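Working notes, beginning with the structure itself.
The values are calculated or read from the model by the stated rules, or taken from the named source; none is laboratory data. This structure is a prediction, so every number in the text was calculated from the model and none was measured. Because the Cβ atoms are built from the backbone with ideal geometry, glycine has one as well, and the counts that use them run over all protein chains shown. Ligands, DNA and RNA are stripped out before the accessible areas are found, and what is left, the full protein with its side chains, is counted by its heavy atoms. Shrake-Rupley method; radii C 1.70, N 1.55, O 1.52, S 1.80 Å.
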Amino acid sequence: NNFPMPQGMFSDNRDVTLKTKPVQIEILPLPKDGRPEDFSGAVGKFTMEATVSPKKASAGEPVTLKVTVSGQGNFEGMGAPLLTGDEGWRTYPPSDKFQSTDSVGFTGEKVFEFALIARQDRTRTPGVQFSFFDPSTEKFVVLTQEPLEVNAKAGGALAGATPAAQQPDAPAPTPGPSATP
């Protein structure tokens, strides 16, 4: 249906100013009671889920812990979830990507991807914790994800190797001749 429009019909653009009655809103500060230490400013209603890939990593090979936070709220001001129990892992700051499902960016999902390299052989990833303030209940909520199963081998120079324990019967090394003149 590609009919040409008659000239002048629906083609006149005009700026129009509309006036409304003022609206009064009250902005309350977030409460300090019950605020989790890792709270980074997320306000709304959210859910969280995590996946890891690959599930098997060779020495020095990274695995990606992907954490998806979905729901409604201030995604722009949202900080990254906190990794818990990350001993034995070398962790890097996550990348993040937001996908909105509405025109104003209030509903959607934010995906955080953490690169992890095993310093010691690991069979589980770190856990994940994400805190937010729910304005409908006026309470802080802490979402947790238990560690996920993974088989990651420690990698050579990247591993946090500890020196081997010295055997008690081993003689102390004797100093060699000095190389200085």
Every listed condition ((1) assigned to a strand (DSSP E or B); (2) surrounded by fewer than 15 Cβ atoms within 10 Å (Cβ to Cβ)) holds for Ala59 save (1)
Select, from Gly73, Gly105, Gly127, the only residue that is more than 15 Å from the chain's Cα centre (by Cα) and surrounded by 14 or more Cβ atoms within 10 Å (Cβ to Cβ).
Gly73
Write out, first by first residue and then by second, each pair whose Cβ atoms fall under 6 Å of each other, whose residues are 6+ apart or on separate chains, and whose first residue, in the range 50-62, is among the polar types (S, T, N, Q) while the second is part of a strand (DSSP E or B).
Thr51/Lys66; Ser53/Thr64
Determine the pairs where a residue that is closer than 13 Å to Pro36 by Cα, located within the range 128-153, has a partner that is assigned to a loop (DSSP other than H, G, I, E, B) and of a type in the set (A, V, I, L, M, F, W, C) with Cβ atoms under 6 Å apart, the partner being 6 or more residues away or on another chain.
Ser131/Phe39; Phe132/Ala42; Phe133/Leu30
Kindly provide the set of residues from the range 34-56 that are open to solvent by 70 Å² or more (accessible area, probe 1.4 Å) and touching a Phe, Trp or Tyr at 6+ places or on another chain (Cβ under 9 Å), ordered by number.
Arg35, Lys45
The residue that is least open to solvent (accessible area, probe 1.4 Å), considering only those in the range 76-102 that are of a type in the set (Phe, Trp, Tyr) and in a strand (DSSP E or B), is Trp89
Is the range 39-55 home to any residue that is under 30 Å from Glu138 (Cα atoms), at pLDDT below 95 and of a type in the set (Phe, Trp, Tyr)?
yes
Please go through the range 103-126 and give me each residue that is closer than 15 Å to Pro147 by Cα, assigned to a strand (DSSP E or B) and of a type in the set (S, T, N, Q), ordered by number.
Thr123
Check off (1) open to solvent by 80 Å² or more (accessible area, probe 1.4 Å); (2) outside any strand (DSSP E or B); (3) modelled with pLDDT of 95 or more; (4) of a type outside the set (D, E, K, R) for Pro163 and give me the number that stays unchecked.
(3)
